[in-house]
Amino acid sequence: MIIHANVLITILSYILAIISAIIVGLFLRMPILPERPMRYSFTISIVFPTSVLAIGFTAILFKLGHNGLLVAVVVGVLTAIFAKYFLESLLPKPQTEESS
Amino acid sequence: MYPFLDLITLTTVSVGVLLIGTAGIILLKKPMDKVIMFALLQGGFIGLIVSAKYLDVAVAAAVFDPISTIIMLIAITKLDEIRKKKIKSQEDGFFA
Amino acid sequence: MNEIIAIIIAAVLSWINFVLIDTWMGLPEQPGVKGAEVIGRSVKRRGGDLAGGFFQGNIVCSPDASAGTLLASAACYTIGTPEGGLIAAILVYFGNRLCADPGYAGTTGALSITCIIFAASYIGIGPADFIVGMVLAIVTIQGLYHPFSSRLLGKIAKKMGRHTKLP
Amino acid sequence: MLIQILGIIVLLMALRTLFAQDRSERMLYLNAMSFGIAGLMALYIQTPFGAIIAITYFIASTISSNAIAYSIGRVKNEIILDE
């Protein structure tokens, strides 16, 4: 199989988006992993969902026509700030109600 | 290869789902069954809009569908509570 | 490659993908929302297994790895192979949070099926085959005969250590 | 070929939804049918907006299924006024 240089640059830009999101997230003191048991916790951490949001927003911008490595870095930084300050109020935790 | 396979497109499938949903709404008795068949009818309706390529209308219909379903569910739950409460108060009246 | 064989291979791949990820993320263990418990109890009353019933109820009540698989392959078919899966992953995450679910299963399923589609495109299986294969896979779980499929899911859950502890 | 397979599955699931006995059994068939319709939309509209419509429709139908399944648990056997 032949892998073009274009594909390499695309994969490299996704990795750059994840790395910049992780660095800014560590700088903002977000938790790295959710607390255990991991599959039932609603904590917003670095690995999930910040990295997933970073590569998702990068893919949306690439399909809209803004290519380049710098775009990936900027999107990673902005996603970390968004996940730290705005995501909690945008998608609040469901409150448990068992009194009916 | 088979002639009847060409008949199956998004349009005919959506019309079939719409007809099945309408028959279910008319035939079934309980209100919750009617709501379930109404959710099925919404799927056929959105499919029919998409098959005519009105994509913006389809997005609006898909967003507004759960809102209408939830409003109907609230009405059904309230009505059921009121009817059960009425029956219970009548029984209490007879016994007391 | 013949079209039927491609669809069957895609169905098997997506079945393994979503069942393993959903079981690993603890869907048979407890009902996440209250509607899932109703469906699980009903499946058990008709002669099935309780863990498999919770699995089916959780699939109905929130978009899990099955929805991630279907939507990521649909987005890969229409948008493009790596980018569509990532966009589908982020949209499935928002949909999961709207349904009061943590959202681990959906995004993991979407990202893993993107890798599988990217690898399978070299042997001639396109994303369109994965859409049809995923619908066939969900029909074998939800559409044919619920007691048998819930017992099969219960066996898989017991083997992976995720069987339910509720009575 | 692909669209025909999906169409047959959708019609079969809709018929099974109509002729099911239990109420929560109906929910499972309805979910399988909405999987099929989302796939059909993505196969019919082959542009990026088709994927957006498929995702929006599927998540909206899941939200309404969630609400219906929640209120099935609350309304056990309702009273019909028949005359």
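Only one entry in C:ALA137, C:ALA88, C:ALA119, C:ALA105 is within 12 Å of chain A (Cβ to nearest Cβ) and within 14 Å of the chain's Cα centre (by Cα), namely C:ALA105. Assessment of the range A:3-17 against the conditions (under 22 Å from C:CYS99 (Cβ atoms), within 11 Å of chain C (Cβ to nearest Cβ) and free of Cβ contacts under 8 Å to residues at least 40 places away in the same chain) yields no matching residue. Residues of the range C:2-29 that are open to solvent by less than 80 Å² (accessible area, probe 1.4 Å), farther than 30 Å from A:PHE42 by Cβ and at the interface with another protein chain (Cβ under 8 Å from one of its Cβ atoms): C:ILE7 alone. Filtered by the rule that a residue be of a type in the set (S, T, N, Q), at pLDDT 85 or above and over 17 Å from D:ALA69 (Cα atoms), the range C:43-102 gives C:SER66, C:THR69, C:SER73, C:THR78. Entry remark, the range B:1-30: residues being more than 14 Å from D:ILE3 (Cα to Cα) and under 20 Å from the mean Cα position of the chain (by Cα) number 16 in total. Residues in the range A:72-90 that are in contact with a helix residue (DSSP H, G or I) (Cβ under 6 Å, 6 or more places away or on another chain) and open to solvent by 20 Å² or more (accessible area, probe 1.4 Å): 2 in all. Filtered by the rule that a residue be without any contact (Cβ under 8 Å) to a residue 60 or more places away in the chain, assigned to a helix (DSSP H, G or I), surrounded by 24 or more Cβ atoms within 10 Å (Cβ to Cβ) and of a type outside the set (A, V, I, L, M, F, W, C), the range C:30-67 gives C:GLY35, C:GLY40, C:GLY57, C:ASN58.
Close Cβ contacts (under 6 Å, 6 or more residues apart or on different chains) running from residues in the range B:20-47 that are more than 7 Å from chain D (Cβ to nearest Cβ) to residues that are of a type in the set (Asp, Glu) and in a helix (DSSP H, G or I) comprise B:GLN42/B:ASP65. Screening A:HIS66 on (1) part of a loop (DSSP other than H, G, I, E, B); (2) in contact (Cβ under 8 Å) with a residue 12 or more places away in the chain shows it passes everything except condition (2). If I ask for residues that are out of contact with any helix residue (DSSP H, G or I) (no Cβ under 7 Å at 6 or more places or on another chain) and under 25 Å from B:ALA52 (Cβ atoms), which ones from the range D:14-54 would you list? The answer is D:ILE52, and nothing else. Considered as a group, the residues in the range C:140-159 that are free of Cβ contacts under 8 Å to residues at least 24 places away in the same chain and at the interface with another protein chain (Cβ under 10 Å from one of its Cβ atoms) include one that is most open to solvent (accessible area, probe 1.4 Å), and that residue is C:LEU144.
If you go through the range B:12-24 one residue at a time, do you hit one that is surrounded by 19 or more Cβ atoms within 10 Å (Cβ to Cβ), within 21 Å of D:ASN77 (Cβ to Cβ) and out of contact with any Ser or Thr (no Cβ under 7 Å at 6 or more places or on another chain)?
Among the residues of the range B:12-24, at least one is surrounded by 19 or more Cβ atoms within 10 Å (Cβ to Cβ), within 21 Å of D:ASN77 (Cβ to Cβ) and out of contact with any Ser or Thr (no Cβ under 7 Å at 6 or more places or on another chain), which makes the answer yes.
Which of the following residues is at pLDDT below 90, part of a helix (DSSP H, G or I) and hydrophobic (A, V, I, L, M, F, W, C): B:ILE87, B:ILE46? Even if it seems obvious, please write down each step before you answer.
On the way: B:ILE46 fails: at pLDDT below 90.
The unique qualifying residue is B:ILE87.
For the range B:52-83, the set of residues classified as at the interface with chain D (Cβ under 7 Å from one of its Cβ atoms) and among the basic types (Lys, Arg) consists of B:ARG83 only. Scanning the range C:122-134 for residues that are surrounded by 14 or more Cβ atoms within 10 Å (Cβ to Cβ) and not in a helix (DSSP H, G or I), we see that the one that is nearest to the other protein chains (Cβ to nearest Cβ) is C:GLY126. Out of the residues in the range A:65-96 that are small (Gly, Ala, Ser) and over 13 Å from A:TYR14 (Cα atoms), which is farthest from the other protein chains (Cβ to nearest Cβ)? Once the filter is applied, the top-ranked residue is A:ALA80.
The values are calculated or read from the model by the stated rules, or taken from the named source; none is laboratory data. Here the structure is a predicted model, which is why all the values come from computation and not from measurement. With ideal geometry, Cβ positions are generated from the backbone for all residues, glycine too; neighbour counts draw on all protein chains shown. In case anyone asks, the SASA skips ligands and DNA or RNA and just uses the protein heavy atoms, side chains included. Shrake-Rupley method; radii C 1.70, N 1.55, O 1.52, S 1.80 Å.
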